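In what follows, a structure is listed as structure tokens, so that the remarks can point back to it.
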Number of protein chains: 2
Amino acid sequence: MAAHPDITNDTFLRACRGLPVERVPVWFMRQAGRSLPEYRALRGKGAMLDTIARPDVATEITLQPVRRYGVDAAILYSDIVVPTHAIGFGIDIVPGIGPVAEQPFRETRDLDRLRPLNPETDTPYVLETVDNLVAELNVPLIAFAGAPFTVASYLIEGGPSRSHNLTKQLMHNNPSLWHALLDRLADLAITFISSQLDAGATAFQLFDSWAGVLTPNEYQHFVLPASQKIFSELHNKHADAPGIHFGVETTELLELLAKAGADVVGLDWRIHLDDARKRLGPHVAVQGNLDPATVLAPWPIVSEQATNVLNRNARQPGHVFNLGHGVLPESNPEMLEKIVHLVHEYKLTP
Amino acid sequence: MAAHPDITNDTFLRACRGLPVERVPVWFMRQAGRSLPEYRALRGKGAMLDTIARPDVATEITLQPVRRYGVDAAILYSDIVVPTHAIGFGIDIVPGIGPVAEQPFRETRDLDRLRPLNPETDTPYVLETVDNLVAELNVPLIAFAGAPFTVASYLIEGGPSRSHNLTKQLMHNNPSLWHALLDRLADLAITFISSQLDAGATAFQLFDSWAGVLTPNEYQHFVLPASQKIFSELHNKHADAPGIHFGVETTELLELLAKAGADVVGLDWRIHLDDARKRLGPHVAVQGNLDPATVLAPWPIVSEQATNVLNRNARQPGHVFNLGHGVLPESNPEMLEKIVHLVHEYKLTP
């Protein structure tokens, strides 16, 4: 693979490809965020989408955990609603709640609120941030987008939801509108990720965080085609950039997440890593899967559980260490620092 | 098995035992509840725990879905916090929120707030309700209690929680207090279920609704022993009463839920029923697993998905049809009626 010349540490990219590594690469979902005092100091009380739109601040926030922890990858500071917000659908991030759409997606004419994304004019700040980051980083930068199902669920529910009833109702009651919606969201994800890769990101993660509320049948018929389109087009355009696919509560969907075209499947903490690898087979890499809540425990427990994750991989290639979901805001950064150290010290040749 | 003489339809009990049946038995978690207009009319705006404490009303509420749907089992109208509320821990059900403990469980002296349950004086209304029901019903009555982990999570979090961080912290930071707490809650569940079985219930379901937030390791070390104690003691005292064990997001815990001593493992909708049966082996019955959100779809979809659940069981003994979680309040009762009909008409001899 043609890694960016400034990337002196490409362990993460090699692990994504199932190639040999000297040590297990590690990064943390939401490594840039409220668990870091330097993040809270920089962010202040401003709106998250405003912060994302300031390249100097977004660059610094993305760099903070790389500097502090020495992780093997950076992930663009962004949010899954950035593209739909940028094209004027009418969705915002409300502090303490999450993404909120005052006028949720309900009917065919709502499709008109989802025009194609033009990265140069709609999200120029993202391109500038990626530009800045690529100049600074010596580890790969991971591009970032929400997957069609999870983004659709916010547009349809109008906000966070536990059981996603309205989303499932639209899916079953109006499958043609559903597929049209997911297809538009797939195009948005393709354009958004592609623009980040063009600007110098060297891998991408597609977040389908809430896909785990679906039955395997529903996922296969109503979600898989749109996600497949994303991986297929991105692989055509950016053959060198490995793609990670992640969602929580997806233990019964792992094979389907891989079938979507993922090079790496992200695992939450609900499954033993070796059980997941058995289901996925030898040609798919895995990322995970320490429970983020475990990070709040005393170090002997954290150390034992992190080592357990590593041991379950049994020193096979194709493992990127991560948490099973994002870093919890109440996490102690020192604990994450110790985890990075533990993972890096883990001997791959016994 | 010595079924109660008034039970003219014991299909449910036979299915729980893996014995032959003429038709697949069916009932619905939360079949008595807000989806029924007759329930809303009877309940009015009173507090739920007050309604549970009125045997005439609780009896009628339990009977309503049996009359309307012709389901093969009744489940006591109750809540998982009834015993802890009755012994004065200080937990209540707040409308629109759920169980709330103003002074959550935090330290060793909080154990003093969990004295043993005396059913005759603490929950006499439950015994009276069961008495009433047994006189009325010709189908089995399912006794009901919350499992130690799920009850503990409400006591510790002080209310509903998504990630159960405080619960996991107590578990890891103070394992001896954790085990003492779960042991007390196991004793409460044993006494509470036992009193319902003594009064004439002929099966029981132990709800560990939120156990799926745990890693398999955590479940095994911190939860399994207490749940095992419950099934073991209840099986010793009430050898005839089959026990069902249920939680959502537990697809990786199914073998452990069975290991706790369950005769029947309840499945949520996230797993294909045949995949679950493969993991559980031939000696454990299953209950489930239509997605409650599917009930909100048009009948052709509901019918297709319900039939799919039945087909995946491939006419083997040991299947109780149910939803994968409780009936959603916005469900149309006519849809549930049609599901009961479909399940009962499903031919077991092709």
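The values are calculated or read from the model by the stated rules, or taken from the named source; none is laboratory data. Fair warning: this is a prediction, and the values are worked out from it, not measured in the lab. Here Cβ is always computed from backbone atoms with ideal geometry, including for glycine, and neighbour counts include all displayed protein chains. For accessibility, only protein heavy atoms count, side chains too; no ligands or nucleic acids. Shrake-Rupley method; radii C 1.70, N 1.55, O 1.52, S 1.80 Å.
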(request) For A:K229, list the aspartates and glutamates whose Cα falls under 19 Å from its own Cα; do not include residues on the same chain fewer than 8 positions away. (result) A:D183, A:D187, A:D198, A:D208, A:E218, A:D240, A:E255, A:D263
(request) Please compute the net charge surrounding B:L336, taking Lys and Arg as +1 and Asp and Glu as -1 over other residues with Cβ under 14 Å from its Cβ. (result) -1
(request) Work out the charge dipole of segment B:113-245 with +1 on the Cβ of Lys and Arg and -1 on the Cβ of Asp and Glu about the Cα centre, then indicate which of B:A226, B:L137, B:P242 is farthest towards its positive end. (result) B:A226
(message) Placing +1 on the Cβ of each Lys and Arg and -1 on the Cβ of each Asp and Glu in chain B, which of B:S176, B:S161, B:I271 has its Cα farthest towards the positive end of the resulting dipole?
(response) B:I271
(request) Just give the residues from segment B:283-311 buried by at least 50 square angstrom of accessible area in the all-chains context relative to the isolated chain, probe 1.4 Å, and say none if nothing qualifies. (result) B:L296
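Any idea what the relative contact order of segment A:1-71 is, in percent, if you count C-alpha pairs under 8 Å spaced at least 6 apart? List each step's numbers first, then the result.
Working: 39 pairs, mean separation 17.8, N = 71.
Averaging sequence separation for qualifying contacts and normalising by length gives 25 percent for segment A:1-71.
Across peptide B:159-165, how many C-beta atoms of other chains are within 10 Å of each residue C-beta, on average?
Values: counts 0, 1, 0, 2, 5, 1, 6.
Per residue, the average neighbour count from other chains is 2.
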(request) Quick one: angle between helix A:299-313 and the longest Cα principal axis of chain A, in degrees between 0 and 90, rounded to 10, please. (result) 80
(message) In Å², and per residue, what accessible area does segment B:31-161 have when probed at 1.4 Å with the other protein chains present?
(response) 40
(request) Return the value, in Å² to the nearest 100, of accessible area buried between chains B and A (probe 1.4 Å, both sides summed). (result) 3000
(message) Can you give me the C-alpha center-to-center distance between segment A:309-329 and segment A:172-246, rounded to a whole angstrom?
(response) 23
(message) How far, in nm to one decimal, is A:A239 from itself in the other copies if the label point is set 7 angstrom along Cα toward Cβ? Shortest first, please.
(response) 7.0
(message) Output wanted: per-residue J couplings in Hz (rounded whole) for segment A:269-284, from phi through Karplus 6.51 cos²θ - 1.76 cosθ + 1.60, θ = phi - 60°, x for Gly and Pro.
(response) 7, 7, 10, 5, 4, 6, 5, 5, 5, 4, 5, 8, x, x, 9, 10
(request) Report the local net charge at B:T167: Lys and Arg +1, Asp and Glu -1, summed over other residues whose C-beta lies under 11 Å from its C-beta. (result) -1
(request) Starting from the amide H of B:F207, placed 1.01 Å from N in the peptide plane, find each other amide H under 5 Å away whose residue is 5 or more places distant or on another chain. (result) B:A145, B:G146, B:A147
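Let's test the formula: R0 of 56 Å, r as the Cβ-Cβ distance of B:H235 and A:E330. What FRET efficiency results, to the nearest 0.05? Before the final figure, lay out each step's value.
Working: r = 41 Å, r/R0 = 0.74.
FRET efficiency, B:H235 to A:E330: 0.85.
So if I place +1 on the C-beta of Lys and Arg and -1 on the C-beta of Asp and Glu, and nothing else carries charge, what would the dipole magnitude of the protein assembly as shown be about its Cα centre? I want it in debye, nearest 20. Walk me through the numbers before you get to the answer.
Details: 58 positive and 80 negative charges, 152 e Å.
In debye, rounded to 20, the protein assembly as shown gives about 740.
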(request) For A:K338, go through the aspartates and glutamates and keep the ones whose alpha-carbon is under 20 Å away, minus same-chain ones fewer than eight residues off. (result) A:E22, A:E38, A:D72, A:D291, A:E304, A:E330
(request) Pop out the ³J(HN,Hα) list for segment B:316-321 in order, Karplus 6.51 cos²θ - 1.76 cosθ + 1.60 with θ = phi - 60°, rounded to Hz; leave Gly and Pro as x. (result) 7, x, x, 10, 9, 6
(message) Could you order the peptides A:235-247, B:147-159, A:134-146, A:332-344 from most to least packed, using the average number of other C-beta atoms within 10 Å per residue?
(response) B:147-159, A:134-146, A:235-247, A:332-344
(message) What does the charge count around A:W269 come to, taking other residues whose C-beta lies under 13 Å from its C-beta (Lys +1, Arg +1, Asp -1, Glu -1)?
(response) -4
(message) I'd like the Karplus ³J(HN,Hα) series for segment B:209-226: coefficients 6.51, -1.76, 1.60, θ = phi - 60°, whole numbers in Hz, and an x wherever there's a Gly or Pro.
(response) 3, 9, 4, x, 7, 8, 6, x, 4, 4, 4, 4, 8, 10, 10, 3, x, 5
(message) Just to confirm the numbers: B:N217, label point 7 angstrom along the Cα-Cβ line, distances to the other copies in nm, shortest first?
(response) 3.7
(message) Once the label point is set 7 Å along the Cα-to-beta-carbon vector, what list of distances in nm do you get between B:K259 and its counterparts in the other copies?
(response) 3.0
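If the only charges are +1 at each Lys and Arg Cβ and -1 at each Asp and Glu Cβ, what is the size of the charge dipole of chain A around the Cα centre, to the nearest 20 debye? Spell out each step's value before the answer.
Working: 29 positive and 40 negative charges, 132 e Å.
Roughly 640 debye, rounded to the nearest 20.
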(message) Run the helix sum for chain B: -39,500 (n - 2.57) per DSSP H stretch of 4+ residues, divided by residue count, reported at 222 nm to the nearest 500 deg cm²/dmol.
(response) -13000 deg cm²/dmol
